[in-house]
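J.: The structure follows.
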Amino acid sequence: MPRVLEIVEVDRPAPVWWCGVHGGAGESTLERLFRGSRASGHRWPIVRTGAPTPAVVLVARTDARGLRAVQRAMREHLESRVPVEVVGLVLMADAPGRLPRVLRDLAGVVGGTVPRVWSLPWVEAWRAGEVPSPANSPKEADRLAAELRVVLGLDRKGQVG
């Protein structure tokens, strides 16, 4: 069976890697928002032997395609023993408003496969072409940054936020 996510050897460390599990997931948006973080280009970021295991946050849209892609990626991570530490999942809203029940239920199931889940709501300004920045980000982005700093043991200078 083909890999869900390819593997890429990375040469620069990062406190956290955003790994979009499908095209358009939002990993480059998160890289813009959080200083020091890196988007992995929809690939598992593997480091050379001896380097710290990369901390990875999976990223997906909240539509059925995105949520199913998280399931496939986590299955691959566990079965293939991909040498990364999945520290969580960011669910990026795929549309404004509340998720339909079927997607809320699926998100709940998917959320049970990762250590923690963060949700970022729809941001119309980003859709309209504004570059994602702390100034036009929802309060949930601040919470995500604060929680990641705790999970990763970073101070403000360690960035991510």
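Each reported figure results from applying straightforward, stated rules to the coordinates on display, with no laboratory input. Computed from a predicted model, the values in this text were never measured in an experiment. No Cβ is skipped: glycine too gets one built from the backbone with ideal geometry, and neighbour counts run over all protein chains shown.
J.: Under a Cβ-Cβ cut-off of 13 Å, what is the net charge of the residues other than Ala135 that fall near it, where Lys and Arg count +1 and Asp and Glu count -1?
T.: Net charge around Ala135: 0.
J.: Return the distance in nm (one decimal) between the two label points of a simple spin-label model at Glu147 and Leu78, each offset 7 Å from Cα along Cα→Cβ.
T.: Using points 7 Å along Cα→Cβ, the separation is 2.0 nm.
J.: Sticking with this structure for a sec: What shape does segment 4-57 take by its C-alpha gyration tensor, where a ≥ b ≥ c are the square roots of the eigenvalues and a/c under 1.5 counts as rounded, a/b above b/c as prolate, and the rest as oblate?
T.: Here segment 4-57 falls in the oblate category.
J.: Taking amide H positions as placed in the peptide plane 1.01 Å from N, state which residues far from Trp44 in sequence (5 or more) or on other chains have amide H under 5 Å from it.
T.: Close amide H contacts, sequence-distant or interchain: Glu6, Ile7, Val8.
J.: Note down the nm distance, to one decimal, between modelled labels 7 Å out along Cα→Cβ at Ala51 and at Arg101.
T.: Going by the 7 Å Cα→Cβ label model, 4.8 nm.
J.: Let me ask something additional. Can you bin segment 91-147 into rounded, prolate or oblate? Criterion: square roots of the alpha carbon gyration tensor eigenvalues sorted a ≥ b ≥ c, rounded for a/c under 1.5, prolate for a/b above b/c, oblate for the rest.
T.: Taking the square roots of the gyration eigenvalues as a ≥ b ≥ c, segment 91-147 is oblate.
J.: Under a GNM of the chain (C-alpha, springs under 10 Å), which listed residue has the highest mean-square fluctuation: Val21, Val131, Val57?
T.: Highest fluctuation of the listed residues: Val131.
J.: A follow-up question, please. Please turn the phi angles of segment 35-46 into ³J(HN,Hα) values with the Karplus equation 6.51 cos²θ - 1.76 cosθ + 1.60 (θ = phi - 60°), one per residue in order, whole Hz, x for glycine and proline.
T.: Result, rounded to whole Hz: 4, x, 7, 9, 7, 8, x, 6, 9, 6, x, 9.
J.: Ok, one more. Starting from the Cα of Ala125, step 7 Å along the direction of its Cβ; do the same at Glu85; then give the gap between the two resulting points in nm.
T.: Those two pseudo-labels are separated by 3.3 nm.
J.: Considering the chain as a Gaussian network with a 10 Å cut-off on Cα pairs, which listed residue, Asp63, Asp94, Asp11, attains the greatest mean-square fluctuation?
T.: Asp11
J.: I've got another one for you. What is the local net charge at Gly50, summed over the other residues whose Cβ is closer than 14 Å to its Cβ (Lys, Arg +1; Asp, Glu -1)?
T.: After counting each charged neighbour, the total is -1.
J.: Rounding to the nearest 20 debye, state how big the charge dipole of segment 6-158 is about its Cα centre with +1 on each Lys and Arg Cβ and -1 on each Asp and Glu Cβ.
T.: Rounded to the nearest 20 debye, it is 160 debye.
J.: If you don't mind, there's one more thing I want to ask. Counting alpha carbon pairs within less than 8 Å and at least 6 residues apart, what relative contact order, in whole percent, applies to the chain?
T.: Answer for the chain is 23 percent.
J.: As a check on your grasp of the helix formula, calculate [θ] at 222 nm for the chain: sum -39500 (n - 2.57) over DSSP H runs of n ≥ 4, divide by the residue count, round to the nearest 500.
T.: Helix-only estimate at 222 nm: -10000 deg cm²/dmol.
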